[in-house]
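Nothing in this text is a laboratory measurement; each read-out follows from the coordinates by a stated rule. Only a predicted model underlies this, so the values are computations on that prediction, with no experimental measurement involved. Using ideal geometry, Cβ is built from the backbone for each residue, glycine included, and neighbour counts are taken over all protein chains shown.
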Amino acid sequence: MEKKQQDVIEKNELDSNNMTQTIYGSIIASTITRIVLYPFDTIKVNKQVSIIKNNLNSANSNITNHTSCSKNILSTRQRPFLFSFISRFGFKGLYNGFIFSSLTTIPATSFYFCCYEYLKSLKFNKKINEENKNNWESSRISNFLNYCFLAIFSEAISCTIFVPIDTIKERLQAQKYLGLKEYTNSYQLIKNFIHNEGISRLYRGYTSTCLTYGLFCGSFFFLQNTGTDLMKTLKIEESDFNKFSLNLASSFISGIITSPLEIVRIRLQLQEKDKTSFYYKNSFDGIKTLWREGQGGFLNLFKGNLYRCFLVCLSMSMNVTLIDMYKNFASTK
């Protein structure tokens, strides 16, 4: 009995230490990734809300406020989007909304990883660490569903903070490109949103965000776990470089899988009736409309995927790798 109580105490101490290390590690990791990768985030957002020429020609004629924006969009078709954006808005434009994003996204990212670690330590998640050797395929499917459930549940909690932040950040990043009313600071934008549409405006796209990032993170952690098992089987050294490479591959695949949901999520958060050339009722309507946009068809679902995969892959890989490195460093002290 005493041994059992001692084991429980030791487990609680380990969980507490792990949570503390996750907090510090995620703050350090998210700070570094935010500074380095923010310009690519700006490009990704603007690329994903861009409308191709054919779609603009068929747009409703009552979108009068979007005329100047249309010229901006069409001009970017002449050369790579990144260079067109910099040419028109300058390097400074790459960091629109950076201060607000840094002060809010870093704590939100840390909050997500803490939620994930906490939920992973609960009893309902013990199935993830169990192996069904008699039915490998069934076990993998079960693990994938468990990871997705865990990630979506973590997102549902952290998105109470993250979605309003993301809504404001993306609006500041894309307002020039979309030809919308420009705000010089986040306070005025938040005030205007709440005054005109209420607090719910800040939470537009909440369900879509939970689904998008829940599936992304669920796929990522499942692939990462599977890859780690494979590395052990093949006796591949678990160095920081090999772990980073595994994280990069896992996040790249997860990014491709969830790309359509990501584009619709961003547009849902940015859309304004009679002001933007896109307006969706929900995620399903968004995907259907996106598919029919111009003549891109299926490829429209992966608009800006190069920028997204570059950003999301590096961001997730850097975050997870740096957190693990910090945990290893803290454990050896």
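Quick notes
- DSSP-assigned coil residues among GluC sites (Glu not before Pro) in the range 257-333, each with at most 16 further Cβ atoms within 10 Å: Glu272
- In the range 248-278, trypsin sites (Lys or Arg not before Pro) in a DSSP loop with at most 15 other beta-carbon atoms within 10 Å: Lys273
- Violating pairs (Cα-Cα greater than 22 angstrom) within the set Lys191/Lys273; Lys191/Lys303; Lys92/Lys191; Lys92/Lys275; Lys120/Lys327: Lys191/Lys303; Lys92/Lys191; Lys92/Lys275
- Ranking Ser277, Leu311, Gly296 by how far each Cα lies toward the positive end of the dipole of the range 206-329 (charges on Cβ) leaves Ser277 at the top.
- Taking Cβ atoms as reference points and 15 Å as the exclusive limit, the residues near Arg204 contribute a net charge of +3, counting Lys and Arg as +1 and Asp and Glu as -1.
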